[in-house]
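Data first, discussion second: the structure below is written as structure tokens.
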Amino acid sequence: MDSLCMAHLGPRKKRPRQMGGSMASPPQDIKFRDLVLFILEKKMGTTRRAFLMELARRKGFRVENELSDSVTHIVAENNSGSDVLEWLQVQNIKASSQLELLDVSWLIECMRAGKPVEMTGQHQLVVRRDDSGSPSPEPQETPPLALRKVSPYACQRRTTLNNCNRLFTDAFDVLAEDCEFRENEGSYLVFARAASVLKSLPFTIISMKDTEGIPCLGDKVKSIIEEIIEDGESSEVKAVLNNERYQSFKLFTSVFGVGLKTSEKWFRMGFRTLSKIKSDTTLKFTRMQKAGFLYYEDLVSCVTKAEAEAVSVLVKEAVWAFLPDAFVTVTGGFRRGKKIGHDVDFLITSPGATEEEEQQLLPKVMNLWEKKGWLLYCDLVESTFEKFKLPSRKVDALDHFQKCFLILKLHHPSVDSGQPDLQGGKPWKAIRVDLVMCPYERRAFALLGWTGSRQFERDLRRYATHERKMMLDNHALYDKTKRIFLKAESEEEIFAHLGLDYIDPWERNA
Ligand code: CTP
Ligand code: MN
Ligand code: MN
């Protein structure tokens, strides 16, 4: 687990020499053939240089490891033109008149634009013949403000799965998770919000200047970003990943049915591995945990898109057998466009069903699957929904709809007649499935609430409360000023009630 996590954390300080070479992109990736870049290490440092080289190559630039005659642009940081020329002299290289000497700000603008940008006087390094100790050029202006108008609310940001700042967000996700394990809500929010805002940026943070004007980045967060820019990793994240408590909680909570309380108990009792826990005869497990251990391997290996689609076919078949007019919608991560998930979430609603029929649907579906032998685990939670209940004030409140938390036996499509496959493995996989049944007139609220992400949902509710004096949850939207419930037939209408631009599901990966 550790080594896997560390793989995301980029270059290590101790082996900088290899980096340029190992990260070189294949020549077919070069988009801009007129330019040959060389990035000067002096005053920039090996790690930052390697980082910029890799980034530029990813964006289609040709970047040389060594200075050669083919180089057309030299990029330097904190060096004047005279400094660079002096360095070239020491290297015994004669600078041709066509050679461009540029400040790193030019490269950064190119990275942001995804192509070479025009070189202005701002970027060109000044060579002063008689003043070798000249100061470096004036600090560059920060990029246009429009680029940086980022809302502090996730529901006002478009966050696709195309994350340009994974190096940073992986780090903050780990720190947030550690705080969650310690039930430190305040620090959890600090790190979760930082990760969330960075996921929404259309550019990669490569210097501290890039963080200016971005909300949700406090001093603590900024110091971690700075460390990652300089060293490629954060010592604090490293410490968390190596921490025994974090590792144990991560392991224990990976079992279906095991939460913080149980993890805490097992950790205090001195357990560190699942096999010791499973074989301990004094421990008592819930039905959920027993299922969690029984199907552990299947459940930790994520659900693929293809598996989600196969489950979707089963759900629709079963639902339509009893309520042919029902709408069955995939929600959760798969609706947001994720390629894998820890479960598959569905929202079911029927325009024509009576209350009685509505209440009977999930039990009927469970009964059907039970008979087929597909129900490996089932927890049916009855509805506590009331029409005129005000939306919950809590951002993480559970909803009141009837629902099932399931583990379903999904047979592999390639195997005919249920015969075990040739490797001798079982011909099926255990899959976590959540089914939610809601009254038809609440479907927009339920859909919005169950699509996530968690951070997006939190901020929708926070926004409603603090910016609109409204209360939103998975069931309803209430206007406190007008003292009325606002109805909605679609998610678009809910966004409109809140005065928000509509954000598509695949842009809610906050
Ligand atoms: N949700 C909820 N009430 C719950 C559980 C979940 O409202 N009791 C909502 C959350 O807002 C969450 C969404 O349903 O965003 C889906 O939950 P979950 O399956 O836990 O997360 P996903 O975003 O689907 O991610 P994953 O791929 O890990 O399943
Ligand atoms: Mn899910
Ligand atoms: Mn779920």
Interatomic Cα distance distribution for the chain, bins of 10 angstrom, percent:
3, 15, 22, 22, 17, 11, 6, 2, 0, 0
Theoretical FRET efficiency, 1/(1+(r/R0)^6), r = Cβ-Cβ of R182 and E441, R0 35 Å, to 0.05:
0.25
Treating the angle as unsigned and between 0 and 90°, give the value, to the nearest 10°, between the Cα long axis of helix 305-322 and the longest Cα principal axis of the chain.
20 degrees
Taking 0.36 nm per residue of separation and subtracting the Cα-Cα distance, what length does fully extending F485 through S223 add?
89.9 nm
Which pairs in the list K394/K487; K261/K429; K371/K409; K316/K372; K59/K238 are over 18 Å apart, alpha-carbon to alpha-carbon?
K394/K487; K261/K429; K59/K238
How much net charge surrounds T286 when only the other residues with a Cβ under 12 Å from the Cβ of T286 are counted, with Lys and Arg +1 and Asp and Glu -1?
+3
Rough spin-label spacing in nm, given labels placed 7 Å along Cα→Cβ, for S151 and K31:
2.9 nm
Inter-centroid distance (Cα atoms) of segment 374-398 relative to segment 45-79, Å:
55 Å
Distance in nm between label sites at K42 and E244, each 7 Å beyond Cα in the beta-carbon direction?
5.1 nm
A student applying the Cα gyration tensor rule (rounded when a/c is under 1.5; otherwise prolate if a/b is larger than b/c, oblate if not) would label segment 329-416 oblate
Rg to Rh for segment 438-490: what is it, with Cα atoms only and Rh by Kirkwood?
0.97
Note the angle between two axes, namely the Cα long axis of helix 104-113 and the longest principal axis of the Cα atoms of the chain, as a number of degrees from 0 to 90, rounded to the nearest 10.
40 degrees
Can you work out the accessible area per residue across the chain, with the rest of the protein chains kept in place, probe 1.4 Å, in square angstrom?
51 Å²
Run the accessible area of the chain with a 1.4 Å probe and give the carbon-and-sulfur part as a rounded percent.
52 percent
State which stretch of the chain is the longest one without any exposed chymotrypsin sites (Phe, Trp or Tyr not before Pro), exposure meaning a DSSP loop state and at most 13 other Cβ atoms within 10 Å.
1-387
When only the heavy atoms of the protein chains count and the probe is 1.4 Å, how do C216, C155 rank by accessible area, highest first?
C216, C155
Under 5 Å, built H, 5+ apart or other chain: amide partners of F32:
R62
Tilt, helix 166-181 to longest principal axis of the chain (alpha-carbon atoms), in degrees rounded to tens, equals 40 degrees
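The values are calculated or read from the model by the stated rules, or taken from the named source; none is laboratory data. Quantities reported herein were computed from a predicted structural model and do not represent experimental measurements. Every residue, glycine as well, gets a Cβ built from its backbone with ideal geometry; the counts of neighbours run over all protein chains shown. Heavy atoms of the whole protein, side chains included, go into the accessibility calculation; ligands, DNA and RNA do not. Shrake-Rupley method; radii C 1.70, N 1.55, O 1.52, S 1.80 Å.
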